[in-house]
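Read the figures in this text as sums done on the coordinates, not as results from a lab. Remember, predicted model here, so these are calculated numbers, not experimental data. FYI the Cβ positions are ideal-geometry reconstructions off the backbone, even for glycines, and counts take in every protein chain you see.
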Amino acid sequence: MNIVFFGSTEDSVVVARALHKKFPITAVVTQPAKPVGRDKVMTRTPVDSWATEEHISVLTFETFPEKSWLFANEDEVTNSIETCKPDLLVSASFGERIPKELIEKTTHGGINVHPSLLPRWRGTDPTPWTILAGDAETGVTIVTVTEKFDDGRILAQKKIPITQKDMPDELRKNLFTMGAELLVATIPDYVSGKNSGVEQKKENVTIAKRITRDDGFIDWNELIDLMEKDPEKIDRKFRALYGWPGLWTKIGVHGIDKRVKILDISLRGSKLELHTVQLEGKNPVDWNTFKKAYLV
């Protein structure tokens, strides 16, 4: 069986590696190398690097600059991948829409590993939103690929609880590791026709929009109020957006609004404590030092 794999991130590699051991991958599709960092070093995606090491063919295609989720030339994509004579398309953590014509021309169409319990949290990166919303559980879904993102038939799901310690990177990695195992277990019954999946319940659809820097903002007065009334909400937001964009607010310093990053907190029972913050243009300091300098 010829399998073409679509992916771009380290999470994609976790899935591709497990898949390749059981069902050898014929080719991978990933994004072209891009300039990274201050020195603009041309850097390949993790999937590109992995596939090259495994001597697997790598295909890359340009996207529209203003619509990065769309290939600039879907006919080129379809025609190029058709030369691989794929029986099945598999995707995981891949941002572009796979052309409808390619899906229809592929013997068994396509299936995707998605890190949420569809139809809840469709979208590119649902993991932060599951934490932010206070969901009690999350999981991974194996879903057929259609013209619309995450809209296909559900072939398999596996659930896990969300704890008050979960952070997005660790949780996402766990979900894709689970998803890789579930994918390999699902493929045989899918290609044999024993598992055609079930339609998603449209009334239960929620969307995980792309995270922006503004999502990390919390009004200063709201922050102080929630520290007493709903500290768990602040803790969830801090964990969900940890790293980037992070949790941040603004305070007035000498009549000028300054950005303040909240770098470290802890939730102990019903009490939230701020530990480390960083005022715009300054070094990180402990919370008590910050209060004495700017809030007294």
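Of the GluC sites (Glu not before Pro) found in segment 10-67, the ones in coil according to DSSP and having at most 11 other Cβ atoms within 10 Å of their Cβ are Glu66.
Computed from phi, the 3J(HN,Hα) profile of segment 52-60 under the Karplus parametrisation 6.51, -1.76, 1.60 (θ = phi - 60°) reads 4, 5, 8, 6, 9, 4, 10, 10, 10 Hz, with x in place of Gly and Pro. Distant-in-sequence amide contacts of Val253, defined by a placed amide H-H separation under 5 Å and a gap of 5 or more residues or a different chain, comprise Lys258. Give Lys105/Lys209; Lys21/Lys85; Lys202/Lys271 a once-over and call out the pairs whose C-alpha atoms are over 27 Å from each other. Beyond 27 Å between Cα atoms: Lys105/Lys209; Lys202/Lys271.
Along each principal axis, taking the top coordinate minus the bottom one, the Cα set of segment 146-296 gives 70, 31, 28 Å in descending order. Normalised by the number of residues in segment 213-294, the average gap of Cα pairs under 8 Å and 6 or more apart makes the relative contact order 23 percent. Residue ranges 87-95, 250-258 sort as 87-95, 250-258 when ordered by packing (mean number of other C-beta atoms within 10 Å per residue, highest first). Rg over Rh for the chain works out to 1.04, using Cα positions for both radii and the Kirkwood form for Rh. Our compactness index for segment 69-188, the C-alpha radius of gyration over the empirical 2.2 N^0.38 Å, is 1.12.
Other residues lying with their Cβ under 13 Å from the Cβ of Lys158 contribute a combined charge of -1, Lys and Arg counting +1, Asp and Glu -1. Beta bridges from DSSP with both residues in the chain: antiparallel share about 65 percent, rounded to the nearest 5.
Each residue of segment 194-203 is assigned a 3J(HN,Hα), and the resulting list reads 6, 10, 9, x, 10, 5, 6, 7, 4, 6 Hz, derived from the Karplus form 6.51 cos²θ - 1.76 cosθ + 1.60 (θ = phi - 60°), x at Gly and Pro. Over the Cα atoms of segment 213-294, the radius of gyration divided by the Kirkwood radius equals 0.94; this is the Rg/Rh ratio. Its Cα centre serving as origin, the chain has a Cβ charge dipole (Lys and Arg +1, Asp and Glu -1) of approximately 620 debye. Between the amide H of Asp264 and those of His275, Thr276, distances stay under 5 Å, these residues lying 5 or more places away or on another chain, with hydrogens modeled in the peptide plane.
Suppose we take every Cα in segment 1-108 and form the convex hull; what volume per residue is that in Å³?
Working: hull volume 10.3 nm³, N = 108.
Per residue, the Cα convex hull of segment 1-108 comes to 96 Å³.
Compute the long axis of helix 231-240 from its Cα atoms, compare it with the longest principal axis of the Cα atoms of the chain, and write down the angle in degrees, 0 to 90, nearest 10. Relative to the chain, helix 231-240 is tipped by roughly 40 degrees.
Just to confirm the filter: which GluC sites (Glu not before Pro) across segment 99-201 are DSSP coil and have at most 16 other Cβ within 10 angstrom of their Cβ? Answer in residue order: Glu147, Glu199. Only Cα pairs under 8 Å and 6+ residues apart enter the sum, and on that basis the relative contact order of the chain stands at 14 percent. The trypsin sites (Lys or Arg not before Pro) found in segment 165-201 that occupy coil by DSSP, while having at most 12 further C-beta atoms within 10 Å, are Lys165, Lys194, Lys201. The gain in end-to-end length when the Thr206 to Glu232 segment is fully stretched comes to 7.1 nm, 0.36 nm per residue minus the alpha carbon separation. Count Lys and Arg as plus one, Asp and Glu as minus one, and take only other residues whose Cβ is under 15 Å from that of Met1; the net charge is then +1.
Remark on Thr146: its backbone amide H falls under 5 Å from those of Asp151, Gly152, a criterion applied only to residues 5 or more positions apart or on other chains, H modelled at 1.01 Å from N.
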